[in-house]
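First up is the structure itself, then whatever we jot down about it.
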Amino acid sequence: MPAWLAIAMEDPVLRWALYVVAALTVVTLLTMVQVLVLAELGARRLARRRAFDDVWRPRLAEATLHNAPPSWTAPVADERLWFLLLWCRTQRKLRGQAHDRLNRLLVDYGLHRAALDLLGRRQIHLRLVALAVLRQVGGPESWDGVAHFLQHRNPLLALAAAEVLVTIDPHRAMAEVLPVVVVRRDWTPQRISALCQLAGRTAVSSPLLAALRAASPEQVHRLATLAQWGDPARMAGWARAALGTSPDPRVRQAGLQVLGDLRDDVDHPVMQAALADPDADVRLAALKALRKQAAPAALETLHALLSDRSWAVRQEAADAIAAQPTLDRVALEQFLDTVEDRYGQDALRRAIEERHP
């Protein structure tokens, strides 16, 4: 034994220090071995995954061309997740018969049941894969398993579940999704609008009207923007009432959007009155709604709006003036001389150049 080691072993403090150093050395070596082993296993798994994709990508492409049952054996258990991921990526690019044939391939292999099994796993990414598959091939039998995730704390998982429900049964789905929209603050308006657009106007109208009637003022504020995705004929009654009674500018704006899409001349006076609303967004919505009418806003009204405080309202008024069928470029330039507000002049000049280059 070396002299320094003998001296260290005799001193209790040095002895324990040596033990600690030895333990740290062993742990470091084991960690290095573990990293090397995991890296090797990861590389081999990646190579297997690439080989799997190279084999199955052309097979999936071939399956989209023929209605015959698959001539290849189904993927083994540890390759099913890879197959589902590749199948989803391929399916997103397809439409029509090719889309249906790839769905049939999944069903022939019985892997749509594997997607239902993945819903029971705890990992979020596996559940998202399952929902992506069920969005394409899900049926009424998967409704209860998917609807369970509408209240999940993960917003991405909850939204994915809502999309699956909408593809299975839009009418039933919107009746369950809209009450959830009211209470979930982690769903963005853009994603909610996409759900309504996916469901269609017929499916959205009745549940949305029911939700609006039962909602508190704060909840109405959140739901009002979805009125544009309902059937204008069904939503018109709510829209007219909202314009007459609601103190919320966002609700009045939504009501004007509905009436603009309805294109009923009976609403012309209401839209005309909304041009004097104190809220700029409401004035802009009123002007856009009037442009959809058979009898748009009067030229005198548009002239006054060229002096509006809002840039967007001035631009919309200028575009409406430049689009007048009775005014050519010469008449528009003469009209420009009557505009006193220099910002209104700039807006109308731009509109003239775009409309009559």
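Residue-by-condition table, conditions (1) basic (Lys, Arg); (2) out of contact with any Leu (no Cβ under 7 Å at 6 or more places or on another chain):
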site: Trp82; (1), (2): no, yes
site: Thr90; (1), (2): no, no
site: Lys93; (1), (2): yes, yes
site: Gln97; (1), (2): no, yes
site: Asp100; (1), (2): no, yes
site: Leu116; (1), (2): no, yes
site: His125; (1), (2): no, yes
site: Ala130; (1), (2): no, no
site: Gly139; (1), (2): no, yes
Legend entry - Long-range neighbours under 8 Å by Cβ, at least six apart or interchain, first residue at pLDDT below 70 and open to solvent by less than 70 Å² (accessible area, probe 1.4 Å) within region 7-18, second in a helix (DSSP H, G or I) and not small (Gly, Ala, Ser): Ala8/Leu14; Ala8/Arg15; Ala8/Leu18; Met9/Arg15; Met9/Leu18
Legend entry - Residue check for Gly200: closer than 30 Å to Leu150 by Cα, surrounded by fewer than 22 Cβ atoms within 10 Å (Cβ to Cβ), within 22 Å of the chain's Cα centre (by Cα) and in contact (Cβ under 8 Å) with a residue 12 or more places away in the chain: yes
Inset, instruction - Under 8 Å between Cβ atoms, at least 6 apart or on separate chains: pull out the pairs that start in region 233-253 with a residue that is over 13 Å from Arg213 (Cβ atoms) and end on any residue that is open to solvent by 70 Å² or more (accessible area, probe 1.4 Å) and not polar (S, T, N, Q). - result: Asp248/Pro217; Pro249/Asp281; Arg250/Asp281; Gln253/Asp281
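Is it true that Pro75 is open to solvent by less than 70 Å² (accessible area, probe 1.4 Å), outside any helix (DSSP H, G or I) and touching a helix residue (DSSP H, G or I) at 6+ places or on another chain (Cβ under 9 Å)? Break it down into steps so the answer makes sense when it comes.
Numbers: open to solvent by less than 70 Å² (accessible area, probe 1.4 Å): yes; outside any helix (DSSP H, G or I): yes; touching a helix residue (DSSP H, G or I) at 6+ places or on another chain (Cβ under 9 Å): yes.
Against the criterion (open to solvent by less than 70 Å² (accessible area, probe 1.4 Å), outside any helix (DSSP H, G or I) and touching a helix residue (DSSP H, G or I) at 6+ places or on another chain (Cβ under 9 Å)), Pro75 qualifies.
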Inset, instruction - Could you list all residues from region 115-141 that are of a type in the set (Val, Ile, Thr) and either touching a residue at least 60 places away in the same chain (Cβ under 8 Å) or buried (at least 17 other Cβ atoms within 10 Å of the Cβ) (or both)? - result: Val129, Val133, Val137
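The values are calculated or read from the model by the stated rules, or taken from the named source; none is laboratory data. Everything numeric in this text was worked out from a predicted model, so none of it was measured. Neighbour counts are summed over all protein chains in view; Cβ atoms, including those assigned to glycine, are modelled from backbone coordinates with ideal geometry. Note: accessible area is taken over every heavy atom of the protein model, side chains too, but ligands, DNA and RNA are not part of it. Shrake-Rupley method; radii C 1.70, N 1.55, O 1.52, S 1.80 Å.
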